[in-house]
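Single-structure report; data block below.
The values are calculated or read from the model by the stated rules, or taken from the named source; none is laboratory data. Computed from a prediction, not measured in an experiment: that's the story for all the values here. So basically every Cβ, Gly included, is an ideal-geometry build from the backbone, and we count neighbours across all protein chains shown.
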Amino acid sequence: MNSPRRLLVVAALLLLVAVSLAYLPHVGRGFKQDDFGWIASSRVRHAADWAALLGRNAGFYRPVVAATFALDELAFGMRPLGYGLTNLAVLLACLVAITGLARALGLPPGASLAAGAIWALNFQGINMAVVWLSGRTALLLVLFAVLAARALVRGRTIAAAAFTLLALLSKEEAVMLPLLLFAWAGLLAREKRGHQESGVRNQESGAQSPEPRPTFGHRTSDVGRLGFSVRAAIRATWPLAVPLGLYAVLRYASGAFGPFSAPSYYRFTLAPLKVADNVLKYLDFAATWPVLVVVLAAGLAAVIPRPSPRERRIVVLGFVWLIASYAITVFLPIRSPLYACFPAVGAALAAGALLGGVWARATTAARSRLVVVGLVLPFLLLPVYWSRNVRHAKGALLSAHWLNDLKTSGDDIPGDHVLVLVDDRQLDPTEQLPAAFGMLFEIAVRDTLGRPVRTWIEPPPNGWQTAGLQRPDAAAPKVVFALKNGHLVRILSKQ
């Protein structure tokens, strides 16, 4: 896929535009559910507050995520658009990082760009991570995990350890990253050794060695056989134990819940049917879109992908990434498309390698078709992305709408009164109050009115007792708003 440099630059710019347009109309439309908790628990007003973020937890322990919300709150206050643009910026950074990782592994520029675009345009998980502000946890995990892998491949062990620590401080699935990179190091070691042997033979015959991509700080060449070197893997990745140990100490000190103290829906299950169902669904989330892209490209070129030895190795590395990064989430009872963002990197890398195999066998006319379709298709699919984004943006839009109702009509609520929000359970669940506020309705109201107000939703959200919420005293004076015709309308004030 050795496209002229100018065409490659144009293609990169067009894909960045397409990815931005796919999500931009729906980012930053409002806050919903966990967003309120992140903002409230991450506020910093003094220098010491930044260090204090390392010791805070909201059940989960994700201080890097908290730091990004703290920065957003300082810059944008309670204006959600800036938070949404931060999510979009992190998404684009992930695209660039994945492209860079693919290049470090030896894919040509076009195939590397395709790998990054395939991940960013996946229909599953990515839209939720971008449109829902709290979804940036998955984006930050992907960004730092990919940067750690690229640093390791380049032989920059200290940088790999630093990025691994940042990934760990972003999301729990990163605990699999050191093991994942251990597997990568062992698989790539034979490639390095193969080049050294090839270099000796070339010196003896007087031939000049080719100029391949660097791996672990050494130049590499295509080697057809797969193998694994435990010694090389240990030598390359033992420093990653340092951030893993530091993370364990920090997490324990923060008091964040662990595998045995987490809520029931975050505790591991070994129920065979549940695990099997998770495996199938998560495979669909991460791999269906990359597979469709490869099949479409092979059809347009009228060839069967025959990747080179290097490309086959990248396919294997991609599968290792896919399996290792799902190793925790498939055992959780709760299922979320966000859990697919990290594994989808492996599927995208494998797809990029297979596309390289398609390109190598394609005719000149077929290559032209591939370029045109590859650049036009993302724009043609924009209505599909927008329609899928709506459901993730809906709660945020409703939240902004209802909080504006409260700010307009509820600014005079006395401090000793309870604000009761009467839900309409006849509506679709996506249009009810919990869809916007979850269990954090009191924090949402407090930040909207600028002062604490005892708040309650009636009937209460499902799981309110598990969340530790308590009904207000029945004798307390109340101000009541009811959900009517899409608005929160003040209907009663009694002493």
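Laid out as a table, the results:
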{"quantity": "Candidates Ala174, Ala162, Ala148 - the one that is more than 14 Å from Ala324 (Cα to Cα), among the aliphatic types (A, V, I, L, M) and buried (at least 24 other Cβ atoms within 10 Å of the Cβ)", "calculated": "Ala148"}
{"quantity": "Only listed residue being surrounded by fewer than 19 Cβ atoms within 10 Å (Cβ to Cβ), farther than 17 Å from Val489 by Cβ and among the acidic types (Asp, Glu), chosen from Asp411, Asp416", "calculated": "Asp416"}
{"quantity": "The range 1-44, residues that are over 20 Å from the mean Cα position of the chain (by Cα) and among the acidic types (Asp, Glu)", "calculated": "none"}
{"quantity": "Search result, residues across the range 433-459 that are closer than 13 Å to Val418 by Cβ and free of Cβ contacts under 8 Å to residues at least 40 places away in the same chain", "calculated": "Phe441, Glu442, Pro452, Arg454, Thr455, Trp456, Ile457, Glu458"}
{"quantity": "Residue tally, condition in a helix (DSSP H, G or I), small (Gly, Ala, Ser) and surrounded by 12 or more Cβ atoms within 10 Å (Cβ to Cβ), over the range 259-298", "calculated": "4"}
{"quantity": "Among the residues listed as Leu53, Leu101, Leu74, the single one being free of Cβ contacts under 8 Å to residues at least 40 places away in the same chain and closer than 22 Å to Leu165 by Cβ", "calculated": "Leu53"}
{"quantity": "Residue count, the range 321-348 (criterion: of a type in the set (Phe, Trp, Tyr), under 11 Å from the mean Cα position of the chain (by Cα) and either within 18 Å of Lys274 (Cβ to Cβ) or not assigned by TED's automatic domain parsing to the domain that holds Ala97 (or both))", "calculated": "1"}
{"quantity": "Test: residue in the range 35-43 that is without any contact (Cβ under 8 Å) to a residue 24 or more places away in the chain and within 22 Å of Phe144 (Cβ to Cβ)", "calculated": "no"}
{"quantity": "Helices (runs of 4 or more DSSP H) wholly inside the range 56-163 that include at least 2 residues being of a type in the set (Ser, Thr, Tyr)", "calculated": "80-105"}
{"quantity": "Odd one out for Arg29, checked against (1) buried (at least 20 other Cβ atoms within 10 Å of the Cβ); (2) farther than 21 Å from Asn404 by Cβ; (3) in contact with a Leu (Cβ under 6 Å, 6 or more places away or on another chain)", "calculated": "(2)"}
{"quantity": "Subset of the range 404-432 (residues that are touching a residue at least 60 places away in the same chain (Cβ under 8 Å) and part of a helix (DSSP H, G or I))", "calculated": "Asp405, Leu406, Ser409"}
